[in-house]
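One structure is given here, and the rest of the page talks about it.
The values are calculated or read from the model by the stated rules, or taken from the named source; none is laboratory data. Given the structure is predicted, the values throughout are model-derived calculations rather than measurements. Here the Cβ is made from the backbone with ideal geometry for all residues, glycine too, and neighbour counts use every protein chain on show.
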Amino acid sequence: MDWKNYFSKFMTIKCKKCSTPSIIYQPYSGLHLCEKHFFEDLERKAKLTLRQRYPIRKNDVIAVALSGGKDSSVALLLMHKIFGNRPDIKIIAVTIDEGIAGYRNESIERAKEMTARLGIEHIVRSFSDEYGKTMDAIASEKRLLENHLGDEKKELGACSYCGVLRKKILNKVARDIGATKLVIGHNLDDEAQTIMLNHFRGDVERMVRFSAASELNGFIVRAKPLRKIPEKEVALYAYLHDLPMELTSCPHSFGALRKEVRRMLNGFEVNHPGTKYSLVRGFDNMVPLLASGLAVSDLQNCEICGEPCNDSVCQACKMLEKNVLQS
Ligand code: SF4
Ligand SMILES: [Zn+2]
Ligand SMILES: [Zn+2]
């Protein structure tokens with residue numbers, strides 16, 4: 001994104017809240033904002049989301065999932081700004097090295113710079129340590145399997161494997177360090193896309209589980225302070241704070257369906273500003289109704305790894321066991 005070019009479009013228009021030149025226009029609110037008021041607006045939204053959905057309490061240990069990209073870096077910076085001076089609250093960053101050549105190494109370096117800059121403890125765990133292989137190896141084995149077996153196993157993209165396997169390590173590390181919250185940098189665009197994807201899949205139970213913010217045995221509460229903040233604003237906030245920005249993209253990238261949903265929602269947002277907010281707000285209102293009429297399966301412990309899950313075997317073990325992913 002060429003931010004200088006972006007700013008130049010608004011510099012001649014004054015901030016709605018003061019008389020200085022604006023740097024951003026929010027089509028969904030109709031506001032032009034200067035840098036100071038943009039920061040205030042974004043930080044207020046993040047604080048409100050935390051207060052309403054994931055209240056931080058005395059003696060909380062907050063693990064922040066830090067990939068080294070813009071979203072998680074902004075989430076970490078906000079947690080540091082909001083809670084960094086509280087002696088009763090501890091913040092620890094956790095980075096998962098999936099083992100993706102030419103992509104993850106660089107972002108891990110950025111994550112290290114970021115935590116050193118803020119003076120935050122930083123833990124790095126890898127797929128290799130936990131599963132004995134990298135995401136690159138998993139993706140190429142998966143491709144081989146698909147070529148061999150035909151279409152029936154193609155429904156899961158590399159990201160589905162990566163997401164499940166990463167989530168499992170994150171939860172484990174967070175639990176091991178005594179974390180009471182696990183902060184994830186999902187922004188409004190991520191949330192709207194996931195909600196839409198679950199609608200397309202007709203997966204009601206997953207929708208309810210996706211929104212759960214309560215502590216379940218062995219699962220650490222996942223808090224998403226950026227879930228009401230558009231991706232573009234998170235990127236601008238990161239740029240103005242000189243935080244890491246993704247320069248390279250993951251070679252395994254998103255599944256085709258998510259890309260389509262992303263394009264579709266961006267199109268709606270241009271023609272009907274506020275669509276993504278409405279989607280997330282409507283979903284939040286719908287979840288209690290869905291949850292009351294749905295028997296969400298009880299938590300169990302995975303027979304293979306012992307981690308908490310909704311079935312006798314957890315999703316990660318199923319993925320690792322089911323096919324060539326096992327050594
Ligand atoms: S784009 Fe997909 S495969 Fe790449 S790091 Fe993200 S989830 Fe993993
Ligand atoms: Zn202003
Ligand atoms: Zn398991």
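Does any residue of the range 34-54 turn out to be more than 25 Å from Pro244 (Cβ to Cβ), surrounded by fewer than 18 Cβ atoms within 10 Å (Cβ to Cβ) and among the hydroxyl-bearing types (Ser, Thr, Tyr)?
Step one: list which residues in the range 34-54 are more than 25 Å from Pro244 (Cβ to Cβ), which gives 48, 51-53.
Cutting the leftovers down to surrounded by fewer than 18 Cβ atoms within 10 Å (Cβ to Cβ) gives us 48, 51-53.
Within this subset, residues satisfying the condition of being among the hydroxyl-bearing types (Ser, Thr, Tyr) are none.
Checked against the condition, which is being more than 25 Å from Pro244 (Cβ to Cβ), surrounded by fewer than 18 Cβ atoms within 10 Å (Cβ to Cβ) and among the hydroxyl-bearing types (Ser, Thr, Tyr), the range 34-54 yields no hits at all.
Select from the range 158-207 the residues that are crowded, with 20+ Cβ neighbours inside 10 Å, farther than 16 Å from Lys259 by Cβ, more than 16 Å from ligand 3 (Cβ to nearest atom) and not hydrophobic (A, V, I, L, M, F, W, C) and list them in ascending order.
Answer for the range 158-207, where residues must be crowded, with 20+ Cβ neighbours inside 10 Å, farther than 16 Å from Lys259 by Cβ, more than 16 Å from ligand 3 (Cβ to nearest atom) and not hydrophobic (A, V, I, L, M, F, W, C): Lys181, Gly185, His186, Asn187, Glu191.
Can you pull out every residue in the range 229-265 that is assigned to a helix (DSSP H, G or I), farther than 20 Å from Val74 by Cα and either hydrophobic (A, V, I, L, M, F, W, C) or in contact (Cβ under 8 Å) with a residue 40 or more places away in the chain (or both)?
Looking only at the range 229-265, we keep the residues that are assigned to a helix (DSSP H, G or I), and these are 231-240, 256-265.
Of the ones still in play, those that are also farther than 20 Å from Val74 by Cα are 256-265.
Residues satisfying the conditions are Ala256, Leu257, Arg258, Val261, Arg262, Met264, Leu265.
Any residue at all in the range 10-30 that's assigned to a loop (DSSP other than H, G, I, E, B), under 24 Å from Val280 (Cα atoms) and polar (S, T, N, Q)?
Step one: list which residues in the range 10-30 are assigned to a loop (DSSP other than H, G, I, E, B), which gives 10-13, 15-20, 22-23, 27-30.
Of the ones still in play, those that are also under 24 Å from Val280 (Cα atoms) are 27-30.
Going one step further and asking which of them are polar (S, T, N, Q), we end up with 29.
Checked against the condition, which is being assigned to a loop (DSSP other than H, G, I, E, B), under 24 Å from Val280 (Cα atoms) and polar (S, T, N, Q), the range 10-30 yields at least one hit.
Within the range 73-84, is even one residue on the phi > 0 side of the Ramachandran plot and either within 16 Å of ligand 1 (Cβ to nearest atom) or in a loop (DSSP other than H, G, I, E, B) (or both)?
no
Here are some conditions: (1) within 15 Å of ligand 2 (Cβ to nearest atom); (2) touching a strand residue (DSSP E or B) at 6+ places or on another chain (Cβ under 9 Å); (3) not in a helix (DSSP H, G or I). Val64 meets all but one. Which one does it not meet?
Failing condition for Val64: (1).
Each row is one residue, and each column tells you yes or no for (1) hydrophobic (A, V, I, L, M, F, W, C); (2) touching a helix residue (DSSP H, G or I) at 6+ places or on another chain (Cβ under 9 Å); (3) at pLDDT below 85.
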| position | (1), (2), (3) |
| --- | --- |
| Met245 | yes, yes, yes |
| Leu257 | yes, yes, yes |
| Val280 | yes, yes, no |
| Asn310 | no, yes, yes |
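Could you grab me the full set of residues in the range 1-34 that are closer than 22 Å to Leu77 by Cβ and within 8 Å of ligand 2 (Cβ to nearest atom)?
If the condition is that a residue be closer than 22 Å to Leu77 by Cβ and within 8 Å of ligand 2 (Cβ to nearest atom), then Leu33, Cys34 are the ones that fit.
Give me a count of the residues in the range 100-127 that are modelled with pLDDT under 95 and polar (S, T, N, Q).
So the answer is 2.
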